[in-house]
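The values are calculated or read from the model by the stated rules, or taken from the named source; none is laboratory data. For clarity, every value in this text was computed on a predicted model and none was experimentally measured. Reconstructed Cβ throughout: ideal geometry from the backbone, glycine too, with neighbour counts over all protein chains shown.
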Amino acid sequence: MRLFRLTLALVVALPLVTATASVASFRERVPIALTGVLPAVADAVPAPGDDFQITEDTVIVGSGDVAGQLAAILRPATGFVLPVVTRPSRNAVLLRLEPGHGDEGYRLVIRRESVELLATERAGLFNGVQTLRQLLPPAIEADVPQRRQWIVPGGTITDRPRYAYRGTMLDLARHFPTPDEIRTHIDRISRFKINHLHLHLSDDQGWRIRIDAWPKLTEIGGAPGTGVGGHGGGFLTKQDYRDLVRYAADRNVTIVPEIDMPGHVNAAQTAYPELTCDGVAPRRRTDMRVGYSTLCVGEEVTYRFVEDVIRELAEMTPGPYLHIGGDETFATSHGSYLAFQRRVLPLVHKYGKIPYGWHEIGQSPAATGAVLQFWGRERNHPSVATAVAAGAKLIMSPANRTYLDMEYDLLTPGGLDWAGAIEVSTAYGWDPATLLPGIPEPSILGVEAPLWSETLRTQDDIEFLAFPRLVAIAELGWSPRATHDWNSFRARLGAYGPRWVRDGVRFHRSPEIRWF
Ligand code: NGO
């Protein structure tokens, strides 16, 4: 829909702009530095005076789809044709694959004659395009032609991620956004080189993904009125899910599906009472309490259910991870929890996926090949350190730093407060490598900022809580520690504001930031 509008705007406005482009004689220098990018680049060497200017004769040279994506980004605001060609040419932005830049890294060489974007993988080209976009003035985000010069500052950027996993999470169970809203969110997070989107697909209130072998999960568990407080409801069909996976992959985002178990299963049990120990359907619940439901660990039907769900999810998920929840199982005894994980963790491996779960799964000796998502606050977590020593990997989501559903301060609307208020400086002011003692850095896969949706109703609510804090987490995940600098970060963030304004993003105008 948005693409359609952009294309339409371009078609309508193009002739007008070609006529007025020559009138645009005001030489507006671009105040953007190579180091102005979010997240911070690993290395930048400016070449003052060697700037590249995008003009109506510029061409984009490249054979893959990222060249087309770049053209689609630049055409609306410039009003230029910017043809995508495969033969090298003068006055060009060239995208080229070559060895030596790592999985997601890239090099951007900007000279008066051309811009060269070099990467080893498509992902690197995609990341380089996100950087290039930010090196142009905010007006490049406009969806109708702007009368101005389009200058990219000269120099060389060499960039690669600190961590392979840079994620965020949407909780579809407590508030169900439409697939279109999820796509818009993917557009916005991928600008900051976030490369994983974790979808929390089930909880006590609702079940949000169609499972063919257990159709009542969505017929009953995903019915209207199954969001928190009886708001909203709904679910993803398998086609919806597959479409999201593809849409995300085009933007270098891997979808990570989560089914929460053995707790947080009330919605599943309202649909299938045989999943309770007494066989009696519990009442439907859309309140915000947690920890009261549990699968019946001693019954075989539980494992038929779990295996069907894991198999069907694995079949439609190309990414490596399958998240099995495992948090807050206050209604499951410790022994039952371990017995459950002993059977379920191997099931994830059986269907070719890496088991991923909230850090509680680390209590299980079967979690050695798993990924634990640390969501605690305390620094000392012996069971996490033990699991990591036995081979488990870690993704850092400390609740008092990364939980996007925490309020910014006492006065901002929406959000919870159990892990404290999280202003931008709090989200930014920590190091994933040193937060937990006794964890060697190679065991840390990366960072993730979860956005739980108990207090969310709309896309605006999502955006307000996610931005700008998510950018802080994106920078912790992408940028080398040596670039970590609050004053630099807050200046770059303030300068980014006009892009969100143009894009209609309702971000929190944090008083810690001087917004442009
Ligand atoms: C906790 C809880 C979720 C809540 C969330 C709210 C985890 C892993 N389990 O995080 O059920 O929605 O807090 O902040």
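Summary of values
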quantity: In region 217-276, the residues that are among the aromatic types (Phe, Trp, Tyr), over 21 Å from SER336 (Cβ atoms) and part of a loop (DSSP other than H, G, I, E, B); calculated: PHE235
quantity: Of residues in region 452-488 being of a type in the set (Val, Ile, Thr) and assigned to a loop (DSSP other than H, G, I, E, B), the one nearest to the ligand (Cβ to nearest atom); calculated: THR455
quantity: Output for region 121-161, where each listed residue is over 19 Å from SER190 (Cβ atoms) and not hydrophobic (A, V, I, L, M, F, W, C); calculated: PRO137, PRO145, GLN146, ARG147, ARG148, GLN149, PRO153, GLY154, GLY155, THR156, THR158
quantity: Residue that is farthest from the chain's Cα centre (by Cα), among those in region 354-376 that are surrounded by 21 or more Cβ atoms within 10 Å (Cβ to Cβ) and away from the ligand (no atom under 15 Å from the Cβ); calculated: SER364
quantity: Filter pass, ALA449 being under 18 Å from PRO39 (Cα atoms) and not in a loop (DSSP other than H, G, I, E, B); calculated: yes
quantity: Counted residues, region 377-409 - those being part of a loop (DSSP other than H, G, I, E, B), surrounded by 18 or more Cβ atoms within 10 Å (Cβ to Cβ) and away from the ligand (no atom under 16 Å from the Cβ); calculated: 1
quantity: Spans of strands (runs of 3 or more DSSP E) in region 63-181 with at least 2 residues closer than 30 Å to ASN266 by Cα; calculated: 165-171
quantity: Scan of region 162-183 for residues that are touching a Lys or Arg at 6+ places or on another chain (Cβ under 8 Å) and closer than 28 Å to ARG502 by Cα, ordered by number; calculated: ARG166, LEU172, HIS175, PHE176
quantity: Residue check for ASP287: within 16 Å of the ligand (Cβ to nearest atom), assigned to a loop (DSSP other than H, G, I, E, B) and at pLDDT below 95; calculated: yes
quantity: Residue list for region 145-176, restricted to those being of a type in the set (S, T, N, Q) and within 16 Å of the ligand (Cβ to nearest atom); calculated: THR168
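Here is a yes/no grid of residues against (1) touching a Pro at 6+ places or on another chain (Cβ under 7 Å); (2) touching a residue at least 40 places away in the same chain (Cβ under 8 Å); (3) not small (Gly, Ala, Ser):
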{"position": "PHE176", "(1), (2), (3)": "no, yes, yes"}
{"position": "GLN239", "(1), (2), (3)": "no, no, yes"}
{"position": "ARG242", "(1), (2), (3)": "no, yes, yes"}
{"position": "TYR247", "(1), (2), (3)": "no, yes, yes"}
{"position": "ASP260", "(1), (2), (3)": "no, yes, yes"}
{"position": "GLY263", "(1), (2), (3)": "no, yes, no"}
{"position": "THR270", "(1), (2), (3)": "yes, yes, yes"}
{"position": "MET288", "(1), (2), (3)": "no, yes, yes"}
